[in-house]
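*Asks:* Sending over a structure as structure tokens; questions will come in a sec.
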Amino acid sequence: MTIDLAIILAPFIMATCIAIFYRNIKRNWVGWIVLFIPIILFLTLTTYIPRVANGHTFSNTYEWIPSLNINFTTYLDGLSLMFSLLITGVGSLVILYSIFYLSQKEALHHFYCYLLLFMGAMLGVVLSDHLMVLYVFWELTSVSSFLLIAFWHHRKASRAGARKSMTITVSGGVSMLVGFLMLYVMSGTFSIREIIANISMISEQSLFIPALILVLLGAFTKSAQFPFHIWLPDAMEAPTPVSAYLHSATMVKAGIYLVARFTPIFGGEIIWFWTVTGVGLITLFWGSFNAIRQVDLKAILAFSTVSQLGLIMSLLGLGSVAVHLGYSDKTVLYTQASFAALFHLMNHSTFKGALFMMVGIVDHELGTRDIRRLGGLMSFMPFTFTIALIGSFSMAGLPPFNGFLSKEMFFAAVLKITELDIFSLQSVGVIIPIVAWVASIFTFVYCLIIVGKTFFGKLKPDLLEKQPHEAPVGMLIPPFILISLVVLIFFFPNILGKYILQPAMGSIYPTFPSVKELTPSIYAWHGFNPELYMTIGVVIVGVILYRFLPRWKRIYLLIPQRFTLNAIYESTIGFSENFSRLVTRRYMNENLTHYFIYIYVFFVAVVAGYFLFTEGITFNTTIDAKIEGFELILVFIMVVAAISILFAKSRITTVILNGVLGYSVAFFFVIFRAPDLALTQLVVESVTTALFLICFKFLPDLKPEPSTRGVKISNGVISILVGATVTIVGLAVMNYEKFDTISSYFEDSYNLAGGKNIVNTILGDFRAFDTMLEVVVLFIAGLGVYTLIKLKAKKEGTDIENK
Amino acid sequence: MKINDVILKTVVKGVVFIILTLGVYLFFSGHNAPGGGFIGGLVLGSGIVLLYLTYDIETIHRKMPFDFKKVAAFGVLLATGTAIGSLYFDAPFLTQTDGYFTLPILGEKHLSTVTIFEAGVALTVVGTLVTIILSISEDE
């Protein structure tokens, strides 16, 4: 069965087709053609739901680089299936939305190509069992995210945002790679399943904790956890469908996926529990706190995404306690936190996707997303208002929407954890529910801001560029599908729980005997308990804070600008740029003479140094051929020509004298019976002389360079050393016996390579790989010369890039 | 820039044929005697450059309307293509083969896939050489 491989490859194949054939496709068809891929993949994946729900997993191995133990192993279990459904499902809706969102004049083929690239990479991440393959796809998602954020690359902010996200996520990715390699060193395998199976073997090793931290760094940067969250708000420069897809529903959840996937490996550690929970809670609080002061609707959503990701992350941290405690009747209760994490992850994708699409509609129809210019849109855009209302209230945790259910489970989990007396939870554990509750209040406030400032209040027609009106139907369908899910999941949460979440729980707790126990029944009404009181408290305090928002908003000014995370990031990047420029400038001083000195000094140091230290120099003049008289004459001519070059007054003389040297070498080749070399040398010499002569018409007259005596002497010494090295190596090479002789190949060239001319059998057969690559290099060099000369930037071109 | 040098033009008319013939000869003889793709390509390329130097670029371009960038690209494609081609015969990358074939008129001949590879090399050399020299000399 190769269907799982096809699932990963299909988006890549489609992306290639779009890239090649986009000229032959009508512009308004591109999106519709692309739409097929995620829909077909989604439908294919849904057929797996019953089988996976019954506990089946699907795995296939394709050999890729067997010599390095790297194989393409796909693995479809509950967790992968849940993420794959999310990727393809939201992907279908986003592509449908983007067909109406993007103008026909945009570079649609680029857009869909990158989007498919991302989809394939993301499916690769969640369906790979092999760590190296997972890493490759992981970085590919960063690359496609970079391309999509910079889709409107004529805008400076887009490019800056793309660069920032790339810098942060890729550095996290690289540290994750190091963590993976440590895991490989410890366990001897790259397969996640095999590592989980041998967990007792590796958890005692000294590299275990460093590997844990490095893998977490990768997850935290990708999932925009504090303090790495700063890239996500800047990534909002991407077109809104991209923000809805990559930066809320899927890519940023790759970190969550990684944490869930590695919980069986690292989950038992106290440092895992506190890092994941702590960072998650800080992110939850900081994201919601900062969302309130934003004036751009998309920025509010960005910070809200950061905060919600923190919520899911902290829940996974809380759930890892169960791995530490091991399986028993009592500990099963703690797995509910992980269940809530997965549940909220699904819910977040539905309501946040809808909200992003809503913001896209507002932006598209009114030309602004600044809440200071919006207001009173309710009567003009009733459908959009519905989307915003349902999405926001679900995010705020109000019934009858799915966010209410997962928020209640979140409160239940944070309350439950304080009852434990491990990991010093008795003393500091009480902070967890407090932070969670305060962050939920802020969440409630910014949800009110999204709805209130946009749709209530007075319309400000003088601040708007366009007359407000409702969006086309095509843009409304995808968010409506999402908000219907929001409501449906509220009423039928256990269907989702049984078929999607239960098998996924099995992947997080593979050592627990029964997955049925891990899936609690979800009830909307569970009596008057602390969770419900917390929610009621959130609503009351939230409404009060919203009423008096202008009064307390001033506290945001208390944080000095210099100490914000963004400022620290900017100054670090600026400093390293300046520093590396300074270092590079020290040696790359645009002086050709200096560059030659580097090359020659390096050459002498390496070659002469090698022969000195290995004592490879032995001279044996007895086996050398006798020196003939005409050879001496040739040498004399060459010496005279070489010395004359130093005193030449014009470039032409230099080139001709240099030619004399080259032709004399060719004569030597003739004398020593190497006709191939002689021919090549002659032609190359003629062509280079002609090239020099052509180039010289662009150069100024040769002027003696002003240089001090010391410089002249050191240059002279270097020249003599280079000459001496070459001469000595040439003489010593006859007696060098460190390598086996390879001449047997050449003597037998006719049988081995079918040719009698050994020069050509070397070029075309024995060392054909070199020849092939040299041909490619030659071609690239030719194209380089051509582009440098023909495609010179016009000086008068105005710089419109940095608007 | 039109060059009007009667002696040069007359000499070149004859010499170019000799050079080009030599180039082709070197290319084919490369298997068992001195020559081969690289040197053959160089000789052919220098013959073409000589034509460009003697007559002007426009005249030659009318008679010989090749885009030498494409010639070079085709050469690279040919060289890498033969390298990959061996994979389809379940042989390692870059494997070359040869054999004796009896052809009509020519009689028994020794044919080798190296020739295709070398043709790629030769075309790349010709294309790159002419591209570089033309680009530099056309620069304002």
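*Asks:* Here is a check on your reading of the model: is residue A:521 of a type in the set (Ser, Thr, Tyr) and without any contact (Cβ under 8 Å) to a residue 40 or more places away in the chain?
*Replies:* In short, yes.
*Asks:* If you check residue A:697 against the conditions, is it more than 14 Å from chain B (Cβ to nearest Cβ) and either exposed (fewer than 13 other Cβ atoms within 10 Å of the Cβ) or over 50 Å from the mean Cα position of the chain (by Cα) (or both)? Outline the logic, then answer.
*Replies:* On the way: more than 14 Å from chain B (Cβ to nearest Cβ): no; either exposed (fewer than 13 other Cβ atoms within 10 Å of the Cβ) or over 50 Å from the mean Cα position of the chain (by Cα) (or both): yes.
No: the conditions fail for residue A:697.
*Asks:* Kindly provide the set of residues from region A:523-552 that are outside any helix (DSSP H, G or I) and either under 25 Å from the mean Cα position of the chain (by Cα) or over 30 Å from residue A:493 (Cα atoms) (or both), ordered by number.
*Replies:* Within region A:523-552, just A:548 meets the criteria.
*Asks:* Look through region A:495-517, keep the residues that are in a helix (DSSP H, G or I) and loosely packed, with under 15 Cβ neighbours inside 10 Å, and return whichever of them is farthest from the chain's Cα centre (by Cα).
*Replies:* So, considering only residues that are in a helix (DSSP H, G or I) and loosely packed, with under 15 Cβ neighbours inside 10 Å, the one farthest from the chain's Cα centre (by Cα) is A:516.
*Asks:* Only helices (runs of 4 or more DSSP H) wholly contained in region A:120-228 count here; list those with 2 or more residues that are of a type in the set (S, T, N, Q) and under 30 Å from residue A:4 (Cα atoms).
*Replies:* A:131-149, A:156-187
*Asks:* All but one of (1) closer than 14 Å to residue A:450 by Cα; (2) surrounded by fewer than 22 Cβ atoms within 10 Å (Cβ to Cβ) hold for residue A:332; which doesn't?
*Replies:* So residue A:332 meets the others, but not (1).
*Asks:* Checking residue A:163 against (1) among the basic types (Lys, Arg); (2) in contact (Cβ under 8 Å) with a residue 40 or more places away in the chain; (3) more than 13 Å from residue A:265 (Cα to Cα), which single condition isn't satisfied?
*Replies:* (2)
*Asks:* Can you give me the ranges of the helices (runs of 4 or more DSSP H) entirely in region A:553-652 with at least 3 residues that are within 30 Å of residue A:287 (Cβ to Cβ) and at pLDDT 85 or above?
*Replies:* Passing ranges, in order: A:565-587.
*Asks:* Follow-up. Quickly run through region A:761-775 and pick out the residues that are at the interface with another protein chain (Cβ under 7 Å from one of its Cβ atoms) and either exposed (fewer than 14 other Cβ atoms within 10 Å of the Cβ) or not in a helix (DSSP H, G or I) (or both).
*Replies:* Selection gives A:769 alone.
*Asks:* For region A:167-192, give me each residue that is within 16 Å of residue A:572 (Cα to Cα) and surrounded by fewer than 21 Cβ atoms within 10 Å (Cβ to Cβ).
*Replies:* Within region A:167-192, A:167, A:171 qualify.
*Asks:* Identify, from the list B:89, B:117, B:93, B:101, the residue that is touching a residue at least 12 places away in the same chain (Cβ under 8 Å) and among the aromatic types (Phe, Trp, Tyr).
*Replies:* None of the other options fit; the residue is B:117.
*Asks:* For the structure I just gave you, tell me whether residue B:109 is among the basic types (Lys, Arg) and modelled with pLDDT under 80.
*Replies:* yes
*Asks:* I've got another one for you. Restricted to region B:110-124, and to residues that are more than 7 Å from chain A (Cβ to nearest Cβ) and not polar (S, T, N, Q), which residue is nearest to residue A:783 (Cα to Cα)?
*Replies:* Kept after step one, since they are more than 7 Å from chain A (Cβ to nearest Cβ), are these residues of region B:110-124: B:110-111, B:113, B:115-116, B:119, B:122-123.
Remaining after also requiring not polar (S, T, N, Q): B:110-111, B:116, B:119, B:122-123.
Values: B:110: 36, B:111: 33, B:116: 23, B:119: 20, B:122: 17, B:123: 14 Å.
Out of the qualifying residues, it is B:123.
The values are calculated or read from the model by the stated rules, or taken from the named source; none is laboratory data. What you see is a predicted model, and the numbers here were worked out from it, not measured in a lab. Virtual Cβ from ideal backbone geometry, glycine too; neighbours counted across all protein chains shown.
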